[in-house]
Amino acid sequence: MSENEVRKLILDIIHDIAPDEDLSDVKSDVRLRDQLDLDSMDFLDIVMELRKRHQIEVPEEDYMELSTLDGCVAYLSPKFA
Amino acid sequence: MTKDRDIQIGEAGGILAPPAVTAPSVLRERRKTLVSPKRLEGLAPSYDLIVVGSGLAGLTAANRVARQGQRVLLLEQHYNFGGLATWFKRQNGHIFDISLHGFPVGMIKTCRKYWTKEIADSIVQLKSIRFDNPQFSLQTTFDREDFTRILVEHFGIQAEVVASFFDTLRGMNFYDDQRLTTRALFQRFFPGRTDVWRLLMEPIAYANGSTLDDPAITYGIVFSNFMSKGVYTFQGGTDQLIKAMKAELVHNGVDIRNYAQVEQILVEPEGEGPPRCVGVVANGVRIPAKAVVSNANIKNTVFKLVGAEHFSPEYAAEAEGVRMNSASTQVYLGIREGETLPFVGDLFFTSSAPEFDSEALCALECTSRTFSFYYPEIRPGSERYAVVASINSNYRDWADMSDEAYQHHKEKYAREAIDVLDGYVPGIAQKIDHVEVATPRTFEFFTQHAQATSFGTKFEGLKVSQELPKHVQGLFHAGSVGIIMSGWLGAANYGVIVANEVDRYLLGLTKPTAGAREESAHV
Ligand SMILES: Cc1cc2nc3c(=O)[nH]c(=O)nc-3n(C[C@H](O)[C@H](O)[C@H](O)COP(=O)(O)OP(=O)(O)OC[C@H]3O[C@@H](n4cnc5c(N)ncnc54)[C@H](O)[C@@H]3O)c2cc1C
C-alpha cells in the first residue's frame, strides 16, 4: 500500500470518528490534536478502528507514534506491507 | 408550616403506607418469582462478552464491543436498565430522576460517538446554578469565564491568581504527585479563604463525593471537565435516555435481560498463568463467555462474584483496602398537577453550615442540600414540575439505625427539605402532593453496591479496577472508581476504555501491559 493510501485510510477513520471536523487542510507534520478537536478518547477510537478495519494492533506504548499524520504513515505503512 | 400538613411520606422503603409499587418491600417479593432461570431462556449457547450490570459504564462497554462485531449479553439484576442513571414513576403522573442533576459538556461528544446523534442532540445546558450559605449567595452559569468574574468581583481575588489556578488544574494529570490534597491546593492559591474553597468544592463534593483530603489531581481533572464549560442535562429525562440506549443496544445485536442476578463469575485455572474467566452463573443458569466485564462494585466483583481464593493475597489485600465514596439521601417532591413554579434556577446548593466541611456535609444532622428543579421543559410535552433534594450521607449512619429511628429520620429529612425550600420558593409547600425519601438503604437495595456508594471508590480503586485482567484473564471491571471515573461521563468513558481492552483480548492480541492508565488520565 502506498503512503498516500495509508494517509487516506487514516483520514477516513478520523472522518468517521469526528464527522464535524474539516479534514481538507490537515497538516502532515503538526500534532493532530493541535489542529483538530481530538482527545485521548478519539485516539482510542482510531486504535479500535485500525483493529476492526485492518486487523492492525497498536500497542499502548506506541500510541505516541500516531500523534501526527506523518507519524501515522511512517508507523503504519510497514504494517500494511 | 409543613409539619401540620398531611403529607404521607412514602418510600422506596415502604414503611409508611401506602407502599409505592416500586418500593423495595414490594420489589423484593416480585423479584423472588422473576429472578428465575426462565428469565434467561432463548439466549445463545455462549457469548464473546457478558456484561454484568447496566450502569452507564456497562451499557457503553456493551455497545462499544458489540459494534466491533462481537456477540454480547448484558445482564441487569434490577428491572430498569441504567444503574444509578434511573428514575421512578408514581401515582398522579409524578416522575422523578435520581441522578439527572447535571453532567459536563463532554457527555455530548461521548453520546455522539458511542451512542447516537439523537441522544447527543437532546443534551442541553442548564441556565442557572445558585448557591446560598452563610458565606455567600450567588448565581452562575458554571463556566470558567463566569467563575473568573465571580472570584474577581465577588471575592476580590486577583485575576492573575484565578487564571493561574485554572491553568494549574488544566495541566494536572494522572502522573502528578498524589500526595498533594485538594485542601493543600486551595491553601496554596487562596490561603485562608474558606468562602472560595466552598464555591470551588461544594459542587464537586455533590458530583462525586470527594473531600478536601482526596488527591488534588482528582479535583483538577474533574473540575476541568465539569466547571469549565457549564453544566448540562438530558432533555426527555432519564427514562427517554435509557430507552434510546436500549434500542441502540438491540440494534447492535446485544442480548439484554433484566431481573438477571449474576451470582458468580466463573474462573478456571490456566497452567502457570493467572486463571481464566469462562462465563457467569445468573439466576442459577451457567452461561459461557470468552470474556466478562463487571459493572458491579469493584469489591463485590472481587469478593462476592469471583471469590478471594482466586486472587493473590497481595491483590486481595489491595482490593480489601479500597475505600468507598459517600452515599446519598434524596427527598423527592412532586408538584400537584396544574400548579406551576417560577424559574428559580436549575441547581441550588444550599447550606446552613458556617463553612464547607466534608464531614458535616454527610452528617446525619443535615445542614446542606442541593435542590434540583425540574421544569416542564425537561420532558417536552409534559406540564409537570418536580424538585429533588440531594444530600450526601454516611452509609453507616443509616444502615445501623433501628426501624423507628429510620422512619423518624426519613420524616425529618422530608420536613426539613420542604421547610428550607419554602424559604426560597414561598408557598411551594402547598403545591406539593407527593413526598418520598430514598436513603443509603434504598440505594443499596437497588444497586447492591458496597456501602451504598453513590460515586464508586476513592482514588486507589482505579488501580485495583484496571489491574483486574492481570489477575483473571478475560475479566474486566468498568464502573465508578477512583473519583475521576465516576458520574455519567466518567462511567461511560471508562466503559469505552475497557471496551478497547476487551476487544484486544477477544482478538487474542493482549499482552501484559501496564493497563489503560494513560488514557484515563485525560478523559
Ligand atoms: C443521588 C445521586 C445523584 C447523582 N447525580 C449525578 C449527576 O447529576 N450527574 C452525574 O454525572 N452523575 C451523578 N451521579 C453519579 C452517577 O449516577 C454514577 O456515577 C454513574 O451513573 C455510575 O455508573 P456505573 O456504570 O458506575 O454503574 P451503576 O450506575 O452503579 O450501575 C451498576 C449496575 O450494576 C448492576 N449490578 C450490580 N451487581 C449486579 C449483579 N451481581 N448482577 C447483575 N447486575 C448487577 C446494578 O443493579 C446496577 O444497575 C449521582 C449518583 C447518585 C447516587
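Tabulated data
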{"read-out": "Test result for B:A308, among the hydrophobic types (A, V, I, L, M, F, W, C) and open to solvent by 20 Å² or more (accessible area, probe 1.4 Å)", "value": "yes"}
{"read-out": "Residue within region B:328-345 that is open to solvent by 30 Å² or more (accessible area, probe 1.4 Å), small (G, A, S) and under 30 Å from B:D48 (Cβ atoms) present", "value": "no"}
{"read-out": "Checking B:L84 against (1) in a loop (DSSP other than H, G, I, E, B); (2) open to solvent by less than 40 Å² (accessible area, probe 1.4 Å), the condition it does not meet", "value": "(2)"}
{"read-out": "Odd one out for B:L266, checked against (1) in contact with a Cys (Cβ under 8 Å, 6 or more places away or on another chain); (2) near the ligand (Cβ under 10 Å from one of its atoms); (3) not hydroxyl-bearing (S, T, Y)", "value": "(2)"}
{"read-out": "Filtered residue count, region B:313-350, keeping only those that are touching a residue at least 60 places away in the same chain (Cβ under 8 Å), among the polar types (S, T, N, Q), farther than 21 Å from B:S480 by Cβ and out of contact with any helix residue (DSSP H, G or I) (no Cβ under 7 Å at 6 or more places or on another chain)", "value": "0"}
{"read-out": "Only one of B:A478, B:A438 that is hydrophobic (A, V, I, L, M, F, W, C), open to solvent by less than 20 Å² (accessible area, probe 1.4 Å), within 14 Å of chain A (Cβ to nearest Cβ) and within 16 Å of the ligand (Cβ to nearest atom)", "value": "B:A478"}
{"read-out": "Members of region B:120-131 found to be farther than 23 Å from B:S454 by Cβ and more than 15 Å from the ligand (Cβ to nearest atom), listed by number", "value": "B:A120, B:D121, B:S122, B:K127, B:S128"}
{"read-out": "Flag if B:T22 is open to solvent by 40 Å² or more (accessible area, probe 1.4 Å) and modelled with pLDDT under 95", "value": "no"}
{"read-out": "Boolean, B:A216 is in contact with a Leu (Cβ under 8 Å, 6 or more places away or on another chain), within 16 Å of the ligand (Cβ to nearest atom), within 30 Å of B:H154 (Cβ to Cβ) and open to solvent by less than 10 Å² (accessible area, probe 1.4 Å)", "value": "no"}
{"read-out": "Residue among A:S67, A:S40, A:S28 that is surrounded by 13 or more Cβ atoms within 10 Å (Cβ to Cβ) and under 12 Å from the mean Cα position of the chain (by Cα)", "value": "A:S67"}
{"read-out": "Residues of region B:44-55 classified as more than 7 Å from the ligand (Cβ to nearest atom) and not aromatic (F, W, Y), total", "value": "7"}
{"read-out": "Residues of region B:460-491 that turn out to be at negative phi, in contact with a Ser or Thr (Cβ under 6 Å, 6 or more places away or on another chain) and part of a loop (DSSP other than H, G, I, E, B), as a count", "value": "3"}
{"read-out": "Search result, residues across region B:166-213 that are open to solvent by 60 Å² or more (accessible area, probe 1.4 Å) and either farther than 17 Å from B:N133 by Cβ or within 16 Å of the ligand (Cβ to nearest atom) (or both)", "value": "B:D167, B:R170, B:Y175, B:D177, B:Q178, B:R179, B:R183, B:Q187, B:R188, B:P191, B:D213"}
{"read-out": "Test: residue in region B:269-279 that is within 15 Å of the ligand (Cβ to nearest atom), more than 30 Å from B:T148 (Cα to Cα) and without any contact (Cβ under 8 Å) to a residue 40 or more places away in the chain", "value": "no"}
{"read-out": "Residues that are of a type in the set (S, T, Y) and either away from the ligand (no atom under 11 Å from the Cβ) or within 14 Å of chain A (Cβ to nearest Cβ) (or both), drawn from region B:228-263", "value": "B:S228"}
{"read-out": "Residue match in region A:6-19 (condition: of a type in the set (K, R), surrounded by 18 or more Cβ atoms within 10 Å (Cβ to Cβ) and within 11 Å of the chain's Cα centre (by Cα))", "value": "yes"}
{"read-out": "Filter result for B:Y424 (more than 15 Å from the ligand (Cβ to nearest atom) and aromatic (F, W, Y))", "value": "yes"}
{"read-out": "In region B:83-105, the residues that are touching a Lys or Arg at 6+ places or on another chain (Cβ under 9 Å) and closer than 21 Å to B:E444 by Cβ", "value": "B:F96"}
{"read-out": "Unmet criterion (only one of (1) within 11 Å of the ligand (Cβ to nearest atom); (2) more than 27 Å from B:A353 (Cβ to Cβ); (3) open to solvent by less than 20 Å² (accessible area, probe 1.4 Å)) for B:F446", "value": "(3)"}
{"read-out": "2 or more residues among the β-branched types (V, I, T): qualifying helices (runs of 4 or more DSSP H) within region A:1-56", "value": "A:3-17, A:40-54"}
{"read-out": "Elements of type strands (runs of 3 or more DSSP E) contained in region B:264-373, each with 2 or more residues being of a type in the set (S, T, Y)", "value": "B:327-335, B:347-351"}
{"read-out": "Matching residues in region A:43-64 - criterion: being more than 8 Å from chain B (Cβ to nearest Cβ), surrounded by 15 or more Cβ atoms within 10 Å (Cβ to Cβ) and not β-branched (V, I, T)", "value": "A:E49, A:L50, A:H54"}
{"read-out": "Filtered residue count, region B:98-119, keeping only those that are within 12 Å of chain A (Cβ to nearest Cβ), among the hydroxyl-bearing types (S, T, Y) and away from the ligand (no atom under 12 Å from the Cβ)", "value": "1"}
{"read-out": "Qualifying residue in region B:284-297 (condition: within 10 Å of the ligand (Cβ to nearest atom), touching a Pro at 6+ places or on another chain (Cβ under 7 Å), open to solvent by less than 40 Å² (accessible area, probe 1.4 Å) and not aromatic (F, W, Y))", "value": "no"}
{"read-out": "Scope region B:383-413; condition within 16 Å of the ligand (Cβ to nearest atom), assigned to a helix (DSSP H, G or I) and of a type in the set (A, V, I, L, M, F, W, C); matching residues", "value": "B:W398, B:A399"}
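Here's the yes/no breakdown for (1) within 14 Å of the chain's Cα centre (by Cα); (2) more than 10 Å from the ligand (Cβ to nearest atom); (3) assigned to a helix (DSSP H, G or I); (4) surrounded by fewer than 24 Cβ atoms within 10 Å (Cβ to Cβ):
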site	(1), (2), (3), (4)
B:R39	no, yes, yes, yes
B:A57	yes, no, yes, no
B:A62	no, yes, yes, no
B:L74	no, no, no, no
B:Q77	no, no, no, yes
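The values are calculated or read from the model by the stated rules, or taken from the named source; none is laboratory data. In this text, all values refer to a predicted model and were calculated from it rather than measured experimentally. Reconstructed Cβ throughout: ideal geometry from the backbone, glycine too, with neighbour counts over all protein chains shown. Note: accessible area is taken over every heavy atom of the protein model, side chains too, but ligands, DNA and RNA are not part of it. Shrake-Rupley method; radii C 1.70, N 1.55, O 1.52, S 1.80 Å.
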